[in-house]
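The values are calculated or read from the model by the stated rules, or taken from the named source; none is laboratory data. The shown structure was predicted, so the numbers you read here are calculated from the model rather than taken from an experiment. When we count neighbours, we look across all protein chains shown, and the Cβ atoms used for this are built from the backbone with ideal geometry, even at glycine.
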């Protein structure tokens, strides 16, 4: 950034704070605006990205006491300074007086003069860029200036038992030699990523810290499986229960059981729902989704086989595969 940039840009207006704002007010304004215009919240929005950079640029200057003092002085100079080529030419508000105030108060006096020699000398008094170059290290930019940069994101992982994932937990993670405590919300699914804002590596030049991204692994349960906020299980039922209908008891993640009505003629794969028996999350409570699986007996007694033969003989002879071959040709 050049000295001319400092004269043309109103960093106070960029952050929406008055010129006499204290450090706390400047920091609060920056954080609020940075959250609003952060690239992660405005993907593909070039205007938001430009505003985010401008906000960071303003905060980098105003949050540093020395750079802020220099910036205020330069802005005052740009707003009212006059340049004199000889004694008395500048008046009370001349450039000499401003430099005197900046660097010890009045010491510069009328003896301070700025002129150009060599190429370009015919252009008169020195431009602002030349003056600022002398003030700030010859490059026209404030000494020690660093553009704000956001810190890097950090990756971590944790493994939770099913019931812990269902109910939520607080876990300790070791990241970059630091021990961080993270809250894992209830109902987290296997492979889900949790983002903790500002828990990554620190930023530089006043930039915000990166985020901590936690990948959660959930151990497999013998009966239940998380599906979003819902919990799924497979319910084995007998052929007579599925055919004739029945009321069956189903286990729930809380350890209780719930009774569900199995309609007559229920096929394998049908899903029954127990409302409110899933995970209790911040976005609401899920359901228990029960998938019916009709169990085919592997062995039949003589009596059972005779009964099944009688059932087959008494059926209407409908072939459930009658049009399968024709549909396969479509």
Q. Among 231, 258, which is the only one that is surrounded by 14 or more Cβ atoms within 10 Å (Cβ to Cβ), within 29 Å of residue 195 (Cα to Cα) and not assigned by TED's automatic domain parsing to the domain that holds residue 181?
A. 231
Q | Filtered residue count, segment 229-256, keeping only those that are free of Cβ contacts under 8 Å to residues at least 40 places away in the same chain and within 22 Å of residue 164 (Cβ to Cβ) | A | 5
Q.
For the list (1) exposed (fewer than 14 other Cβ atoms within 10 Å of the Cβ); (2) free of Cβ contacts under 8 Å to residues at least 40 places away in the same chain, I need the number of the one condition that residue 282 fails.
A. (2)
Q: Tell me, yes or no, whether segment 93-113 has at least one residue that is farther than 30 Å from residue 196 by Cα, at pLDDT 85 or above, in contact with a helix residue (DSSP H, G or I) (Cβ under 6 Å, 6 or more places away or on another chain) and not in a loop (DSSP other than H, G, I, E, B).
A: no
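For segment 184-198, which positions are under 16 Å from residue 218 (Cβ atoms) and outside any loop (DSSP other than H, G, I, E, B)?
184, 193, 194
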Q) Looking at segment 182-201, which of its residues are surrounded by fewer than 16 Cβ atoms within 10 Å (Cβ to Cβ), within 30 Å of residue 55 (Cβ to Cβ) and either in contact with a strand residue (DSSP E or B) (Cβ under 6 Å, 6 or more places away or on another chain) or modelled with pLDDT of 95 or more (or both)? A) 183, 193, 195
Q) Which residues, taken from segment 144-175, are out of contact with any strand residue (DSSP E or B) (no Cβ under 7 Å at 6 or more places or on another chain), over 28 Å from residue 34 (Cα atoms) and either at pLDDT 95 or above or assigned to a loop (DSSP other than H, G, I, E, B) (or both)? A) 161
Q | Criterion: closer than 15 Å to residue 149 by Cα and touching a helix residue (DSSP H, G or I) at 6+ places or on another chain (Cβ under 8 Å) - qualifying residue of 34, 21, 76, 48 | A | 34
Q. What do you reckon, is residue 267 under 41 Å from the mean Cα position of the chain (by Cα) and in a loop (DSSP other than H, G, I, E, B)?
A. no
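For (1) part of a strand (DSSP E or B); (2) in contact with a strand residue (DSSP E or B) (Cβ under 6 Å, 6 or more places away or on another chain), each residue gets a yes or a no:
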residue	(1), (2)
249	yes, yes
261	yes, yes
276	no, yes
290	yes, yes
299	no, no
303	no, no
306	no, no
316	no, no
320	no, no
Q: Please specify each residue of segment 17-31 satisfying the condition of being part of a loop (DSSP other than H, G, I, E, B) and surrounded by 14 or more Cβ atoms within 10 Å (Cβ to Cβ).
A: 17, 21
Q) When you scan segment 39-72, how many residues do you find that are touching a residue at least 60 places away in the same chain (Cβ under 8 Å), surrounded by 15 or more Cβ atoms within 10 Å (Cβ to Cβ) and in a helix (DSSP H, G or I)? A) 8
Q.
As an exercise: evaluate residue 204 against (1) surrounded by fewer than 16 Cβ atoms within 10 Å (Cβ to Cβ); (2) over 30 Å from residue 55 (Cα atoms); (3) in contact with a strand residue (DSSP E or B) (Cβ under 8 Å, 6 or more places away or on another chain) and give the number of the one condition it does not meet.
A. (2)
Q) Considering only residues of segment 285-302 that are more than 17 Å from residue 254 (Cβ to Cβ) and under 53 Å from the mean Cα position of the chain (by Cα), which is surrounded by the most Cβ atoms within 10 Å (Cβ to Cβ)? A) 292
